[in-house]
1. Need the full-extension length gain, Ile273 to Arg168, defined as separation in residues times 0.36 nm minus the C-alpha distance. One decimal, nm.
2. How would you order 236-244, 64-72 from highest to lowest mean count of nearby Cβ atoms within 10 Å?
3. Return, for the Cα atoms of region 100-143, the radius of gyration and Dmax in Å, separated by a comma.
4. Any idea what the relative contact order of the chain is, in percent, if you count C-alpha pairs under 8 Å spaced at least 6 apart?
5. Run the numbers for Tyr156 and Gln91: contour at 0.36 nm per residue of separation, minus the present Cα-Cα distance, in nm.
6. Largest first and in whole Å, what are the equivalent-ellipsoid semi-axes of the chain based on the Cα gyration tensor, each being the root of 5 times an eigenvalue?
7. Listing Ser221, Ser2 from the residue with the fewest other Cβ atoms within 10 Å to the one with the most, what is the order?
8. Search the structure for amide H atoms under 5 Å from the amide H of Thr220, placed 1.01 Å from N in the peptide plane, and list their residues when 5 or more places away or on another chain.
Amino acid sequence: MSDLRIRDRVFGAGDLVVMAILNRTRDSFLDAGRHFEDAAAFARVDQIVEEGADILDVGAVRAGAGEPVDAGQELARLLPVLDYARATHPQLLLSVDTWRAQVAREACAAGADLVNDAWSAHEPAIIDVTAAAGATYVCSHTPGLVPRTDPLGIEYDDVVADVAARLRLLADRALQAGLAPEQILLDPAHDFGKTTAHSLELTRRLPEIVAIGHPVLVATSRKDFVGEALDLPAQERLEGTLAVNVWCALAGARVFRVHDVAAHRRALDMVRILRGDAPARLARRGVA
């Protein structure tokens, strides 16, 4: 299993990486504007560092349909957070969640270490922009969707085969652009162009995505497939998300994009301890 390199940090096969979500939107499905103002966003950065996040992933446009946000508005929301995080927490790795090549270019110039392109290179130049900046790139699977769309009635002959084929294609493009294998992450993109049945099947068969050979990122946090599986609203999906992400860790996923940092840090650290990748922090019970 290959290493993962982001900026000057290298994560080995036994590491489980927590990517904290910060949405600078007024209409996100969970926090609905909680971190839209600068002060609240900066406080969130401080919080996720204290809770043990490795990466901060900042997004400024709701993934689904919502208020229009052009590139200038997106940057106006992203750049203050990147500037604050780089100045106050220099050890924190910074990710920008965008499909726009222009936004990725300016975010990397401002210190972003990773480009989290959730829309499967809708703007193909985003891969070249990422490579030119020396950043890490997230290849994601969407079945040819325009950003911010959520189609109905989508079907696959085999959803996992479709996901694997698209991710291999994007990873090859990234290699051709000059990225190293350890600078490429694969995101199967749960819920994006997928029904709940598709996302559950993808989770069960995640080892087939891991077998492609690049580190795998999963972004399952409080998503609809978790909510529909348990018939729960977004505010009550933490336990379901933890179960999914522990399953994914055991299946070989390496990076976990989450809202609930402290809970995931503890759960994933316990996975590492159980696998023998890290020692127990205390060993006093039954010892004289």
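1. Between Ile273 and Arg168, full extension yields 34.6 nm more.
2. Numbers: 236-244: 18.4, 64-72: 11.8.
Top of the packing list down: 236-244, 64-72.
3. Using the Cα atoms of region 100-143, the pair Rg, Dmax is 9.4, 31 Å.
4. Details: 551 pairs, mean separation 55.7, N = 288.
Here the relative contact order equals 19 percent.
5. On the way: separation 65, 0.36 × 65 = 23.40 nm, distance 4.18 nm.
Working it through step by step, the gained length comes to 19.2 nm.
6. Working: eigenvalues 133, 107, 85 Å².
Over the Cα atoms of the chain, the ellipsoid semi-axes are 26, 23, 21 Å.
7. Values: Ser221 24, Ser2 14.
Taking fewest neighbouring Cβ atoms as first place, the list is Ser2, Ser221.
8. Arg257
Readers should treat all values here as calculations from the given coordinates under stated rules, not as data from a laboratory. None of the values given here were measured: they were computed from a predicted structure. Glycine also receives a Cβ, built like all others from the backbone with ideal geometry; neighbour counts cover every protein chain displayed.
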